[in-house]
Structures are given as C-alpha cells and as structure tokens.
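Computed from the coordinates by the stated procedures, all read-outs in this text should not be read as laboratory data. As the structure is a computational prediction, the values presented were derived from the model and not from experiment. Note: ideal-geometry Cβ built from the backbone for every residue, glycine included; neighbour counts use all protein chains shown.
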Amino acid sequence: MSRGHHGPTLVLPVGDRDHAQGQASAPVTLVEYGDYECPYCGQAYPIVKAVQKTLGPRLRFVFRNFPLSEMHPNASNAAEAAEAAGEQGKFWEMHDRLFEHQDALRTRDLVAHAAGLGLDADRIAAELKSHTHAPRVREDFMSGVRSGVNGTPTFFINGERHDGPWDHQDLVAAVEAAIEATVE
Amino acid sequence: MNNNEMTFGASQHHGHALQPGSRAPEFTLKTTPDQAVSLSEFRGQPVILAFYPADWSPVCGDQMGLYNEILPEFRRPQAELLGISVDGAWCHAAFATDRKLHFPLLADFEPKGAVARAYGVYRASDGFSERALFVIDADGVIRWSHVSPVGVNPGAEGILAALESLQHEESKS
C-alpha cells in the first residue's frame, strides 16, 4: 500500500470507553471490529494473539463489537455478555472464551461461560435478559458503520482501515509500517 | 469476511451513472413472483436504490446483509431501501429468506437490466449491474450517487451521510 492512505478512518477515537490490551503509549493501536459468531473473526482470533506476542509492548489492541445479528442470531447476545463480563472486570477473559467456543453462544451457554470464569452469572443472566449492554454494543456497531466497516473482521491501524489481508505476516508488516511512519 | 482486500486489481468504473440533480427514472419491477413496486409509490420520502451484481455472494456481512443490520438508521429519516439486481423474483425470494432480509429486493430481470441501464450502471459485458448506490429525495430527484468497483462492498457511510445532508436541507427550508 502507498503511504498516502486516503481510505476510511476511525470516526470514534480509541478512548476510555474501549477495552484495550497494552499501553496507550504504544506506538501503534490495532482496533478490530468483530462478531463472536463470525467464522472469519474466529480465524482472526489466534492470529491477533500471535501478532500481539510478536510485537509485545509496541502494540495496543482494542476490540469493538460489530455483530451481524440477522445473520448470526447469537452474535448480539454474545457481545452483550462480553460487555457484561467487562462490568465485572473480565472482558478479555470472556472475549477469549467466546472465540474459543463459537459453537456455544446461546444464552444458557453464555451464562455457563460466566460461571466458568467465576463471574456473578445470575447478574449476567439478568443483564442479558434486560439487554443492559445493548446500547453500548449498538454504539460500537454504528461507530464501525460510520468508519467504513463493511464486514467482519475489519481492522484499523492507528485509525486507518487496514484494507489488505490479515494473516500474521501481513498484520505484523502493516503494524511495523505504521510504527515506522510514527518515527518519521 | 472483509471484502476490502478485493480492491486490489478491481477495475474502476468508467460508465455514466446518473448524477445528482437528475430526475430518477421511473420503474416498476417485481419484488416477489406476484407483487410489483414502482419508484413513484415512494414519492414524499427518500429512497435508497442499491444496485448490486447478484444474489448469493459468498461472504459474511455482504452488502445486503450489512444494510439489513442498519435498516433502523435508514428508516429514521423515513427512507426506504430497495435492493436491485438482475436476479429473478424467485431467486430474490430464496435469497431474502435465507439472509432474513427485511427490505424489498427488486428483479431487474425482464427486459434484463433495463433499470440498471436507465441509471447508467449496467455492465453489458458481464450481464449484471455495477455496485451502485443512489439516494433519491422526496421529489424523485437523485441527490447522491456512488459506484464502487464490483468486488468492493461500499458500506453504508456514504448513504447515511447523504440522508443526513437531505435532512439538514429540509430543516433549513
């Protein structure tokens, strides 16, 4: 890709509302818009983990919800469950567990995952039932729509949409290019 | 599935899609095997016309699937979304059922591609339309249009921005 990137950019900057792994001072922030029931996001999950391992403290990773709920009937509920777990301090544990159990995303599964993580499962069941976290999930979704997300997963590297392939090698190369760009 | 990677190698459109300011050509097309819809039925509200090449694109979160998720945002300014391709009404019916689409798909089937031609977005060499978007105002005038490379899902941001600018103009007048 050329240096002069004029593609879509993130309209909602990464901030306190986001779930992030890594330091805000990292030279590069990778944002994923993803769907827990999407098979491609399931493929991307271990790749992102490997990219984080390769780049260490040079990378901050942020996950935002983009559930295609008409296509994936459990996706919105799963996203809400991750947000509910986040309220109890275990967003990433739930995020990982959902991607590792993409075949178990019905409400009863989500509650069982919460219990398995040592969370207050009754509270999560109640929050799922009343859709406490649905507005947050929709906010993520619409921020993606307005930023040019048109399918999942979609990645942004320092705010610019990553329009290339997203296997380990490509993502690492794209992040390293972004690091170089910040140094220049 | 992310379609963006398909931008590489996709040819740019050099046709003559109708531009903003043009009157939107009237049409009547089947939405189901026994129902038809005319553009003029929607006079008084904005219409989003989304031409796409074909039903059954083999990706997750394809263009119609994405729009299906965003319908509440389209309908807030009372806009009606119409998908349109050269597929027949039976094919549309099966596709819409499979993808749980909650908006009409129009069959530009006989004579094939006639409406796409009228809007300047038919690919005669391929036998299907461009991926082209038109936002038509309440008076039937095209206010925004966009043609994407066929392999690229244009997303929804352009449509939402066009609908917002329509609303702003209305509130001023």
Given Cα pairs under 8 Å that are at least 6 residues apart, what percent is the relative contact order of chain B? 33
In degrees rounded to 10, the 0-90 angle between helix A:91-100 Cα long axis and the longest Cα principal axis of chain A is 90
Mean per-residue count of partner chain Cβ within 10 Å for A:150-159 equals 5
For residue A:129, the lysines lying under 20 Å Cα to Cα, once residues fewer than eight places off in the same chain are dropped, come out as A:90
Under the definition of Cα pairs under 8 Å and six or more residues apart, what whole-number percent is the relative contact order of chain A? 34
Roughly what % of Cα-Cα distances in region B:27-172 sit above 23 Å, to the whole percent? 30
Taking a virtual spin label 7 Å from the Cα of residue B:146 along the C-beta vector, which residues in region B:105-131 bring their backbone nitrogen under 15 Å of it? B:131
Within 10 Å of each Cβ in peptide A:66-78, how many partner chain Cβ atoms are there on average? Round it to a whole number, please. 3
In square nanometres and to one decimal, what's the mean projected area of the convex hull around the Cα atoms of the protein assembly as shown? 19.4
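Any chance you could run the full-extension gain for residue B:23 through residue B:110? It's 0.36 nm times the residue separation minus the Cα-Cα distance, nm to one decimal.
Separation in residues times 0.36 nm, less the Cα-Cα distance, equals 29.1 nm.
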Phi to ³J(HN,Hα) by Karplus 6.51 cos²θ - 1.76 cosθ + 1.60 over region B:95-107, Hz, x for Gly, Pro: 5, 5, 5, 4, 8, 6, 6, 10, 9, x, 10, 9, 9
Using only the alpha-carbon atoms, how far is helix A:107-116 inclined from the longest principal axis of chain A? Give it as 0 to 90 degrees, nearest 10. 80
Theoretical ellipticity at 222 nm over the protein assembly as shown - DSSP helices of four or more residues, -39500 (n - 2.57) apiece, nearest 500: -11500 deg cm²/dmol
FRET efficiency for residue A:103 and residue A:16 from the Cβ-Cβ distance with R0 = 30 Å, rounded to 0.05, comes out at 0.35
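Working from the alpha-carbon coordinates of region A:27-183, get Rg over Rh, Rh being the Kirkwood radius.
A ratio of 0.98.
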Taking chain A as the reference, fit the longest principal axis to its C-alpha atoms, fit the long axis of helix A:134-146 to the helix C-alpha atoms, and give the angle between the two in degrees, 0 to 90, nearest 10. 20
Residue by residue through region B:44-52, the couplings from Karplus 6.51 cos²θ - 1.76 cosθ + 1.60 with θ = phi - 60°, in Hz, x for Gly and Pro, are x, 9, x, 10, 9, 9, 10, 6, 9
Distance in nm between residue B:40 and residue A:115 label points, each 7 Å along Cα→Cβ, equals 6.3
